[in-house]
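A quick write-up on the structure given underneath.
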Amino acid sequence: MTKIASAVPRKTSLATLAGLLPFLAPYKRQFILAAIALVVAASATLAIPYAFKQMIDLGFGSAGSKSAANVDLYFLALFGVACVLAIATASRFYMVSWLGERVTADIRTAVYSHVVTQSPQFFETTQSGEVLSRLTTDTTLIQSVVGTSISMALRNVLLFVGGLAMLFITSVKLSAIILLALVAVVVPIVLFGRRVRKLSRESQDRIADASAVAGEILNAMPTVQAFTHERIEARRFGTSVETAFSTAMQRIRARSVLTLIAILLVFGAIVFVLWLGAHAVIAGRMTGGELGQFILYATIVAGAIGALSEVLGEAQRAAGATERLLELLAEESPIRSPATPQALPPRAAAGAAVALEEIVFHYPSRPQTAALSHLSITIAPGETVAIVGPSGAGKTTLFQLLLRFYDPQSGTIRIDGVDIRKIDLHTLRNAIGIVPQDTIIFSANAMENIRYGRADATDAEVIAAATLAAAHEFIERLPEGYQSFLGERGVRMSGGQRQRIAIARALLKNPPLLLLDEATSALDAESERLVQSALEAAMVGRTTLVIAHRLATVQRADRILVMEDGRIVESGTHTSLVAQGGLYASLAALQFNQH
């Protein structure tokens with residue numbers, strides 16, 4: 001599978017996560033509230049060991065009723081600290097969870113909104129499963145970091161710094177020994193952290209591979225079953241899943257080793273220091289309360305380091321996910337609206353004028369082969385021009401260039417005298433209606449599928465377009481009429497019915513330029529007759545370009561252009577072209593003699 005080329009410099013640290021800052025910036029107030037709750041919760045946690053020291057030394061160390069009063073006072077204070085800790089922790093959890101959900105939703109929206117503006121060139125080299133994996137799996141990883149890990153990291157940094165400071169206040173000598181031990185922990189964390197990040201990136205790529213395989217097969221299930229490839233495809237997906245599992249296990253092993261080393265080193269150092277502290281109490285150099293306080297602060301510091309190592313592992317995974325999402329956001333479509341677009345002139349009653357001047361075009365994925373070569377065509381307003389020729393001649397490519405899905409390497413395309421590269425993309429495409437060869441039906445009802453042609457159309461306008469396209473009758477026979485769900489990709493309809501929905505969609509748009517790419521290819525004889533008469537009525541008042549392999553559908557065109565190898569090789573009416581005895585005559589003889 002072809003990967004998205006990275007436009008983001010590869011980084012070797014968590015600096016990649018800085019790419020999330022634009023998504024975090026709008027929520028400064030929530031961050032401030034979460035930070036306040038975080039500081040309060042950390043302060044309450046750090047106050048607990050001091051309260052224990054006071055309770056041990058002043059409470060248990062005194063005698064009589066004063067001792068009991070001290071114990072009551074410090075237990076009451078300890079409960080008060082616990083209340084503050086509970087409220088602050090709950091507030092922190094709520095705020096950071098909200099931030100995680102909000103930022104993840106914003107990222108998903110931003111990535112999807114960016115992807116749908118990409119040109120077809122992007123989708124030639126990127127599978128939809130790859131994009132979906134980044135929208136789901138990768139954003140979920142980022143959600144865990146923003147909604148949990150960042151908060152946990154900050155909390156544990158505060159606990160580590162505060163706990164370490166209190167350790168030095170309690171005993172400089174013992175704290176210095178612990179600090180030296182902690183330095184030894186940093187090295188393996190850094191070394192293994194880099195490896196975990198690399199493996200995290202690979203793990204996400206393998207998951208995306210599996211998603212791409214699954215998406216491709218699920219979209220082609222009738223073909224898979226028709227060729228009895230169910231077991232083969234299941235094995236192929238299983239292999240992809242196992243590869244993802246193996247890569248994930250490498251990451252898990254690396255994280256396990258990281259956690260093992262960190263915990264052993266930290267707690268080994270703490271046990272050694274506590275052994276020294278116990279001897280200090282026996283020698284009278286420390287009180288029992290001070291040792292208890294030291295133990296609790298040492299536990300807090302050790303717990304903070306352990307938690308930070310876990311958070312670091314999650315952050316490494318999120319850094320890989322962030323990198324992949326930033327790659328998507330960094331992709332720039334070569335097809336964009338101009339900074340200062342030029343308006344199309346007012347619509348002429350006859351339709352749009354179209355001119356192609358010396359067009360040379362190579363598909364980006366096939367740069368060595370010219371799809372169109374020095375092609376020039378002039379089409380008058382209201383003219384119906386049929387384009388015929390063998391497969392691969394460049395007919396559909398011509399339509400893609402008119403819609404500006406691609407730009408030619410040289411030459412100019414004009415609509416009503418305006419270079420289409422100077423027109424806003426939405427303005428250009430709103431002026432063109434197309435009935436493609438492969439009809440796309442969305443997972444919605446019949447009404448909404450036709451309304452896709454013009455989002456603000458009324459129900460009456462939708463029904464009128466369906467009637468014109470000979471679709472009204474079969475839609476009315478559906479169980480719920482126009483409210484009937486058509487199934488994913490229109491699986492509940494025949495090919496001819498899907499094509500009539502597409503024709504209705506184009507007619508509802510009512511554009512000055514109509515492109516018909518094999519618009520009647522999937523229709524039976526009766527439906528073709530109905531649709532052909534509807535299309536002829538629809539052609540009035542607009543310019544129409546018709547691609548057809550079935551020459552019977554283009555005989556009444558004002559002009560027929562014959563294409564071969566990206567060039568116009570013949571031009572004329574059906575009668576004149578047959579008389580020329582060239583390529584069109586050969587195609588006509590082949591088709592009509594079969595009848």
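Bear in mind these aren't lab numbers, they're just calculated from the coordinates by the rules spelled out. Predicted, not measured: the structure shown is a model, and the values here were computed from it. Using ideal geometry, Cβ is built from the backbone for each residue, glycine included, and neighbour counts are taken over all protein chains shown.
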request  = Residues in the stretch 452-469, backbone N under 20 Å from the label point at Phe485 (7 Å along the Cα-to-beta-carbon vector): list them, ranges by number please.
outcome  = 452
key: Convex hull projection area averaged over all views, the stretch 18-330, Cα basis, nm²   = 20.5
query = Label-point separation (nm) for Thr340 and Phe79, each offset 7 Å from Cα along Cα-to-Cβ?
reply = 7.6
ask   = Tell me, how many Å apart are the Cα centres for the stretch 378-392 and for the stretch 92-170?
value = 51
message = On a full-extension model of 0.36 nm per residue, what is the gain between Arg556 and Ser533, subtracting their alpha-carbon distance, rounded to one decimal in nm?
response = 7.1 nm
note = Against the 2.2 N^0.38 Å rule of thumb, the C-alpha Rg of the stretch 354-594 sits at a ratio of 1.03
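Calculated FRET efficiency, Arg366 and Phe245, Cβ-Cβ r, R0 45 Å, to nearest 0.05?
Numbers: r = 36 Å, r/R0 = 0.80.
That pair, Arg366 with Phe245, gives E of 0.80.
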ask   = For the stretch 231-318, what is the Kirkwood estimate of the hydrodynamic radius, computed as the reciprocal of the mean inverse distance between distinct Cα atoms, to one decimal in Å?
value = 16.3
request  = Express as a percent, rounded to the nearest 5, the fraction of DSSP beta bridges in the chain (both residues included) that run antiparallel.
outcome  = 55
request  = List the DSSP H helices in the chain whose Cα atoms stretch 15 Å or more along the helix axis and whose mean Kyte-Doolittle hydropathy is at least -1.0.
outcome  = 28-54, 64-115, 150-170, 172-218, 230-282, 288-330, 495-509, 525-538, 583-594
inquiry  = Assuming 0.36 nm per residue, please report the length gained on full extension of the stretch Thr140 to Met221 beyond their Cα-Cα distance.
reply    = 26.3 nm
ask   = Roughly how many nanometres apart are two label points built 7 Å out from the Cα toward the Cβ at Leu179 and Ser333?
value = 5.8
ask   = Too long at a 28 Å Cα-Cα cut-off: which of Lys28/Lys53; Lys395/Lys422; Lys422/Lys509?
value = Lys28/Lys53
ask   = Restricting to the stretch 354-594, what percent of DSSP beta bridges are antiparallel, rounded to 5?
value = 55
note = Placing +1 on each Lys and Arg Cβ and -1 on each Asp and Glu Cβ in the stretch 354-594, then taking the dipole about the Cα centre, the residue among Ile415, Gly394, Thr575 whose Cα reaches farthest towards the positive end is Gly394
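How large is the Rg to Rh ratio of the chain when both quantities use alpha carbon positions and Rh follows Kirkwood?
1.18
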Relative pair counts by distance (%), Cα atoms of the stretch 303-346, 10 Å bins = 21, 23, 19, 15, 11, 7, 3, 0
inquiry  = Can you compute the FRET efficiency between Thr287 and Arg253 using 1/(1 + (r/R0)^6), with r the Cβ-Cβ distance and R0 = 60 Å? Round to the nearest 0.05.
reply    = 0.85
ask   = Per the helix-only calculation at 222 nm, which mean residue ellipticity applies to the chain, given -39500 (n - 2.57) for every DSSP H run of n ≥ 4 and division by its residues, nearest 500 deg cm²/dmol?
value = -20000 deg cm²/dmol
request  = Return, ordered by residue number, the residues of the stretch 447-471 whose backbone nitrogen is under 11 Å from a label point located 7 Å along Cα→Cβ of Val116.
outcome  = none
query = Which semi-axis lengths, in whole Å and largest first, follow from the square roots of five times the eigenvalues of the Cα gyration tensor of the stretch 393-533?
reply = 29, 16, 13
Estimated FRET transfer efficiency when R0 is 35 angstrom, pair Glu230-Ala444 (beta carbons, to 0.05) = 0.75
query = So, in nm, how far is label Phe272 from label Ala579 when the simple model puts each one 7 Å beyond its Cα toward the Cβ?
reply = 10.5
